[in-house]
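Asker: Following this message is one structure expressed as structure tokens.
Here, each number is a calculation from the coordinates, and none is a lab measurement. Keep in mind the model is a prediction, meaning the values are calculated, not measured.
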Amino acid sequence: MAFCSKCGTQLMPEVAFCSACGAATIASAQSSQSAQPSVTSANIDEALEIFVGKNYEYYKRKWEIIVQNKSHISWNWAAFFFVTLWMPYRKMYLYSFVYLSALIIETLFEYAVKIPHTSILSYAINIAIWVIVGLYGNYWYKLRAEKRVREIIATNTPERVQIELARQGGTSIVAAIGYTILLLAAAVLVTVVGEQHE
């Protein structure tokens, strides 16, 4: 025999709400929990395809290489050549700001130790950063995609999951353009600060 936890009224079996006060019952809560989709390898793959979008087959192949080789390395030409655009375009906002922070620190360091921006060392540092992103970009995107997909599946109703996967995944030209503007503004600001302390 069950009673309402809010008003104490005796409840009929399997009812979702108390007939006296309208409070949700334990049966209602359990039903809601069971409605949440379980995270399995099958629906994770399907969800990743929706989340990544039209280039899913490319990333799937790259991620399979990472798993097969038991390594975090697989090459991504877009990440190498368009490092400042690729991460925000793929909505990897945390990685984008880590990259921006690294560039700011590197530029301030060059000003502090008086390394010319046209020096071989300056070019070498930048190329090294591009190579690192080219080598590890697919792995970082894999981590981000799998994490977000699991969170979306765990926190949304089955009807809402596909909508959220498409909304939170895919690509964003707006983010890429906005990030480029932010990068240019940061470059100007760092240059002004650096030149003032020369």
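Asker: Against the empirical 2.2 N^0.38 Å scaling, what ratio does the C-alpha Rg of region 101-198 come to?
Answerer: Compactness ratio reported: 1.52.
Asker: Taking H placed 1.01 Å from N in the peptide plane, check which residues at least 5 places from ALA2 or on another chain put their amide H under 5 Å from its amide H.
Answerer: LEU11
Asker: In whole Hz and in residue order, list the ³J(HN,Hα) couplings for region 81-96 that follow from phi through the Karplus curve 6.51 cos²θ - 1.76 cosθ + 1.60, θ = phi - 60°; x for Gly and Pro.
Answerer: Listing the rounded values in order: 6, 10, 4, 6, 9, 4, 5, x, 4, 8, 6, 8, 5, 4, 5, 4 Hz.
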